[in-house]
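Below is one structure, written out as structure tokens; comments come after it.
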Amino acid sequence: MKLDIRNLHVSVGGTEILKGLSLEVGTGEVHAIMGPNGSGKSTLAHILAGRSGYEVTSGTVTYNGENLLEMEPEQRAWAGIFLGFQYPIEIPGVNNSYFLKAALNAKRKYLQQPEIDAIQFLKLVKEKARLMKMDQSFLNRGVNEGFSGGEKKRNEIFQMSVLEPTLAVLDETDSGLDIDALKTVAEGVNRLRSDDRAFLLITHYQRLLDYIQPDFVHVLADGRIVRTGGRELALDLEAQGYDWVTTGT
Amino acid sequence: MATEQKNIEQIVGEKYRHGFVTDIEADTLPPGINEDVIRFISDKKKEPEFLLNWRLKSFRHWQTIREPDWAKLHHAPIDYQDISYFSAPKQAADAPKSLDDVDPKLLETYDKLGIPLHERARLAGVAVDAVFDSVSVATTFKSKLAESGVIFCPFSEAVQEHPELIEQYLGTVVPYRDNFFAALNSAVFTDGSFVFIPKGVRCPMELSTYFRINEAKTGQFERTLIIAEEGSHVSYLEGCTAPMRDENQLHAAVVELVALKDAEIKYSTVQNWYPGDEQGRGGIYNFVTKRCDCRGANSKVSWTQVEAGSAITWKYPSCILRGDNSVGEFYSVAVTNNLQQADTGTKMLHIGANTRSTVISKGISAGRAQQSYRGLIKIFPTAENARNYTQCDSLLLGDQCGAHTFPYMEVKNPSAIVEHEATTSKIGDDQLFYCRQRGLSEEDAVNMIVNGFCKEVFRELPMEFAVEAQALLNVSLEGAVG
């Protein structure tokens with residue numbers, strides 16, 4: 001797995017949000033992207049997943065050497081990109097496990113693997129749900145329908161654990177979580193850390209990084225990565241605030 | 001990535017699958033309506049005098065009234081003199097005695113429609129009556145049903161075999177004076193299905209009728225009458241298709257259901273008449289009056305409809321909750337695409353004490369379609385402790401279609417509780433993106449979202465019909481929105 005973002009400029013409705021962002025993510029790595037509100041963190045997540053409504057004015061994004069920006073969202077999913085949504089969407093009436101099975105089989109079909117059968121699938125999701133400390137009844141509820149904020153986030157990580165992506169982009173997965181939920185979510189992520197998978201953790205607070213230790217921390221400010229460092233950078237940020245990096249003092 | 005428009009057009013581009021024409025010689029009356037036409041129809045069907053007289057009274061009344069104009073529907077005026085009021089496949093005039101006598105081409109037609117007319121029917125446990133243009137061509141499992149005393153036959157046969165039941169019940173739920181289209185139907189109806197479930201009998205299989213309009217320039221005016229005697233139970237399904245034609249064709253049916261004490265009728269419809277093309281050319285004008293009279297205490301009727309076809313749908317399956325503790329239910333999914341228009345809903349008339357009704361309506365609009373829910377909940381002074389719950393949800397695909405809700409409530413008894421909930425939503429970019437991010441194609445995502453939206457209604461349908469309905473919805477909306 002190799003993600004390579006070079007000098008990326010992105011506008012929304014004529015306003016430039018990303019202003020020359022460059023980032024390389026290699027397999028097995030965990031990168032944290034931190035930054036103040038409005039710095040372009042979620043835009044970056046959406047661009048990687050292929051959400052419409054953004055205009056890439058210059059720069060490139062390649063994923064395993066391929067032009068990611070030309071791929072449809074579902075193609076990116078099949079190629080192993082997973083986006084953990086900041087605000088997971090409700091799909092009323094669509095059974096959670098039915099949804100996930102369809103998603104998994106779409107990916108397997110693309111990879112020319114046989115579809116997973118109902119029994120195997122049930123076994124798989126029950127195990128994953130248990131690890132995420134999710135009640136079995138979750139599986140039969142509508143996708144995110146009537147879930148609390150914490151349940152929705154847990155459901156995202158649960159979906160990730162079933163879909164086994166090679167690049168997981170987690171957009172503010174920690175926001176709105178109490179400490180127990182945060183631990184469960186962090187455990188879920190840590191369990192999935194492996195040499196053939198990379199993570200991009202987008203977060204406002206360093207709290208998440210107490211539980212998921214990143215290899216790299218990047219500070220995104222005004223559409224650009226203004227500083228890159230190790231784990232200690234997050235602690236400095238916490239202590240000194242974003243002004244410390246954005247004003248360059 | 002701005003693919004929204006294109007995708008809407010893809011949905012719209014999905015072709016109607018039942019648009020073939022069967023080449024069969026037919027006895028068709030020239031277009032036009034007058035008393036002679038009515039006498040001809042009645043004579044052709046060897047009807048008793050009471051029926052002819054009823055038809056003539058209906059016709060005379062019809063001539064004095066005008067088409068209703070309160071629905072939110074727009075169409076060119078219908079020329080009632082340009083419609084043929086009788087068309088029968090020629091051979092059927094000699095009345096086939098069994099399936100073996102039926103023109104193989106007709107059977108082929110039903111095959112294409114996927115109707116289990118032969119052995120498959122028995123496997124599926126469904127008894128089928130098939131109405132082709134104006135004539136009923138075959139009723140399967142008649143003898144098996146007869147063992148339990150159930151009568152399930154073409155309407156015209158019931159007129160011959162059981163005239164006393166027809167005379168007793170016909171027009172007692174939907175009188176010919178009810179409305180313009182009911183009056184027209186009463187004058188010129190040609191066939192339909194008749195069901196009689198005797199006291200205490202639980203009908204041993206699902207009963208089913210398939211309607212098909214084949215001839216050009218014909219109208220289809222079928223009449224269905226179902227009588228469920230005390231303590232009986234029946235589940236009845238109807239399906240409808242028509243070939244693709246450029247001109248509009250009129251379909252004005254009347255369905256009357258009578259539920260006596262403790263009886264239960266479940267009536268399910270999958271309506272897939274030809275909806276017209278992308279420009280709104282052709283398609284069926286579907287003006288239908290359906291009503292159940294819950295005459296006895298503790299009786300129950302449940303209407304479930306999936307309305308996917310027709311250029312225009314005007315349809316309000318209703319319940320007269322006359323018996324104490326009687327229950328009326330209405331579950332509806334209506335899909336309109338391209339230039340289709342639908343004005344549909346229900347009427348729940350609470351007369352008896354402790355009567356209860358539930359209305360779940362799901363409307364889906366795409367293309368430039370317009371759809372209205374129109375429902376009346378009326379609580380009479382006699383209806384102590386009546387309850388109604390209405391939920392009416394609309395889903396819009398794209399930004400050129402419309403959804404409208406016209407709920408009417410008349411509550412004349414202070415002990416009543418009437419609830420109404422309504423929502424309108426768009427298939428959001430958010431929902432689609434979420435599904436696609438997880439690896440579902442746009443098309444699968446739309447199907448999944450729409451089917452989820454309709455779930456409460458689909459689960460009311462008998463199993464095989466639910467599968468058919470889901471597939472029909474997917475076809476009607478293939479391609480989706482961005």
Please determine whether any residue of region B:459-479 is more than 22 Å from the chain's Cα centre (by Cα) and either surrounded by 20 or more Cβ atoms within 10 Å (Cβ to Cβ) or more than 14 Å from A:Ile91 (Cα to Cα) (or both).
yes
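Would you point out which residue out of B:Glu410, B:Glu421, B:Glu329 is crowded, with 18+ Cβ neighbours inside 10 Å and of a type in the set (Asp, Glu)? Even if it seems obvious, please write down each step before you answer.
Numbers: B:Glu410 fails: crowded, with 18+ Cβ neighbours inside 10 Å; B:Glu421 fails: crowded, with 18+ Cβ neighbours inside 10 Å.
Answer to the selection: B:Glu329.
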Does A:Arg141 satisfy the criteria of being open to solvent by less than 60 Å² (accessible area, probe 1.4 Å) and at negative phi?
no
Can you find even one residue in region B:410-418 that is within 14 Å of another protein chain (Cβ to nearest Cβ) and either in contact (Cβ under 8 Å) with a residue 60 or more places away in the chain or not hydroxyl-bearing (Ser, Thr, Tyr) (or both)?
no
Of all residues in region B:379-405, which are of a type in the set (Ser, Thr, Tyr) and within 25 Å of B:Asn451 (Cα to Cα)?
B:Tyr389, B:Thr390, B:Ser394, B:Thr405
Of everything in region B:440-458, what is out of contact with any Leu (no Cβ under 8 Å at 6 or more places or on another chain) and more than 7 Å from every other protein chain (Cβ to nearest Cβ)? Give them in sequence order.
B:Glu443, B:Glu456, B:Val457, B:Phe458
Looking at A:Glu172 and the list (1) crowded, with 19+ Cβ neighbours inside 10 Å; (2) farther than 25 Å from A:Ser137 by Cβ; (3) over 13 Å from the mean Cα position of the chain (by Cα), which single condition is not satisfied?
(3)
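Before we move on, is B:Ser394 in contact (Cβ under 8 Å) with a residue 40 or more places away in the chain and either out of contact with any Gly (no Cβ under 9 Å at 6 or more places or on another chain) or not charged (D, E, K, R) (or both)? First the steps, then the outcome.
Details: in contact (Cβ under 8 Å) with a residue 40 or more places away in the chain: no; either out of contact with any Gly (no Cβ under 9 Å at 6 or more places or on another chain) or not charged (D, E, K, R) (or both): yes.
Taking the combined requirement at face value, the residue does not satisfy it.
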Out of (1) within 14 Å of chain A (Cβ to nearest Cβ); (2) open to solvent by 10 Å² or more (accessible area, probe 1.4 Å); (3) of a type in the set (A, V, I, L, M, F, W, C), the odd one out for B:Leu376 is which?
(1)
If you take the residues of region A:43-57 that are open to solvent by less than 50 Å² (accessible area, probe 1.4 Å) and away from chain B (no Cβ under 13 Å), which of them is farthest from B:Asp430 (Cα to Cα)?
A:Leu44
Within region B:361-409, count every residue that is among the acidic types (Asp, Glu) and touching a Cys at 6+ places or on another chain (Cβ under 8 Å).
0
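Just a yes or no: is a residue in region A:61-78 small (Gly, Ala, Ser), open to solvent by 30 Å² or more (accessible area, probe 1.4 Å) and either under 17 Å from B:Asp429 (Cβ atoms) or more than 7 Å from every other protein chain (Cβ to nearest Cβ) (or both)?
First, the residues of region A:61-78 that are small (Gly, Ala, Ser): A:65, A:77.
Those still in the list that are open to solvent by 30 Å² or more (accessible area, probe 1.4 Å) too: A:65.
Add one more test, that the residue is either under 17 Å from B:Asp429 (Cβ atoms) or more than 7 Å from every other protein chain (Cβ to nearest Cβ) (or both), and what stays is A:65.
The answer is yes, given that some residue of region A:61-78 is small (Gly, Ala, Ser), open to solvent by 30 Å² or more (accessible area, probe 1.4 Å) and either under 17 Å from B:Asp429 (Cβ atoms) or more than 7 Å from every other protein chain (Cβ to nearest Cβ) (or both).
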Which condition from (1) under 21 Å from the mean Cα position of the chain (by Cα); (2) more than 25 Å from A:Leu200 (Cβ to Cβ); (3) more than 8 Å from chain B (Cβ to nearest Cβ) is the one that A:Lys128 breaks?
(2)
For a quick check of your reading of the model, give me the residue pairs whose first member lies in region B:134-150 and is at positive phi, whose second is of a type outside the set (A, V, I, L, M, F, W, C) and at pLDDT below 70, with beta-carbon atoms closer than 8 Å and at least 6 apart or on different chains.
B:Phe141/B:Arg122
Conditions (1) open to solvent by less than 60 Å² (accessible area, probe 1.4 Å); (2) under 23 Å from A:Gly149 (Cα atoms); (3) among the charged types (D, E, K, R) -> A:Arg130 fails only (1)
Take region A:86-102 and flag every residue that is within 17 Å of the chain's Cα centre (by Cα) and either assigned to a strand (DSSP E or B) or facing another protein chain (nearest Cβ under 7 Å) (or both).
A:Ile89
Which of the residues spanning region B:344-373 are surrounded by fewer than 24 Cβ atoms within 10 Å (Cβ to Cβ), of a type in the set (D, E, K, R) and modelled with pLDDT of 90 or more?
B:Lys347, B:Arg356
Looking only at region A:29-40, decide whether some residue is open to solvent by 10 Å² or more (accessible area, probe 1.4 Å), within 14 Å of chain B (Cβ to nearest Cβ) and within 29 Å of A:Thr246 (Cβ to Cβ).
no
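Which members of region B:316-328 meet the condition of being over 15 Å from the mean Cα position of the chain (by Cα) and in contact (Cβ under 8 Å) with a residue 40 or more places away in the chain? Even if it seems obvious, please write down each step before you answer.
First, pick out the residues of region B:316-328 that are over 15 Å from the mean Cα position of the chain (by Cα): B:320-328.
Of everything in region B:316-328, those that are over 15 Å from the mean Cα position of the chain (by Cα) and in contact (Cβ under 8 Å) with a residue 40 or more places away in the chain turn out to be B:Ile320, B:Leu321, B:Gly323, B:Ser326.
Applying the selection to region A:141-162, what residues are out of contact with any strand residue (DSSP E or B) (no Cβ under 6 Å at 6 or more places or on another chain) and outside any loop (DSSP other than H, G, I, E, B)?
Let us first name the residues in region A:141-162 that are out of contact with any strand residue (DSSP E or B) (no Cβ under 6 Å at 6 or more places or on another chain), namely A:141, A:144, A:146-155, A:157-159, A:161-162.
Matches in region A:141-162: A:Gly149, A:Gly150, A:Glu151, A:Lys152, A:Lys153, A:Arg154, A:Asn155, A:Ile157, A:Phe158, A:Gln159, A:Ser161, A:Val162.
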Can you name the residue in region B:172-221 that is modelled with pLDDT under 90 and among the aliphatic types (A, V, I, L, M) and is also most open to solvent (accessible area, probe 1.4 Å) among such residues?
B:Ala216
Report yes if some residue within region B:337-358 is within 14 Å of chain A (Cβ to nearest Cβ), farther than 30 Å from A:Glu164 by Cβ, outside any loop (DSSP other than H, G, I, E, B) and of a type outside the set (Lys, Arg); otherwise report no.
no
Looking only at region A:214-235, and only at residues there that are among the aliphatic types (A, V, I, L, M) and open to solvent by 50 Å² or more (accessible area, probe 1.4 Å), the one that is farthest from A:Thr15 (Cα to Cα):
A:Leu235
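Quick check on B:Asp277: is it under 22 Å from B:His350 (Cα atoms), open to solvent by 10 Å² or more (accessible area, probe 1.4 Å) and not hydrophobic (A, V, I, L, M, F, W, C)? Show your work before the answer.
Working: under 22 Å from B:His350 (Cα atoms): no; open to solvent by 10 Å² or more (accessible area, probe 1.4 Å): yes; not hydrophobic (A, V, I, L, M, F, W, C): yes.
The answer is no for B:Asp277.
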For B:Thr382, state whether it is touching a Gly at 6+ places or on another chain (Cβ under 9 Å) and part of a strand (DSSP E or B).
no
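The values are calculated or read from the model by the stated rules, or taken from the named source; none is laboratory data. Predicted model, so just to flag it, every value in this text is computed and none were measured. Cβ: placed from backbone, ideal geometry, glycine included. Neighbour counts: every protein chain shown. The protein model used for the area step is the full one, side chains on, heavy atoms only, and it has no ligands, DNA or RNA in it. Shrake-Rupley method; radii C 1.70, N 1.55, O 1.52, S 1.80 Å.
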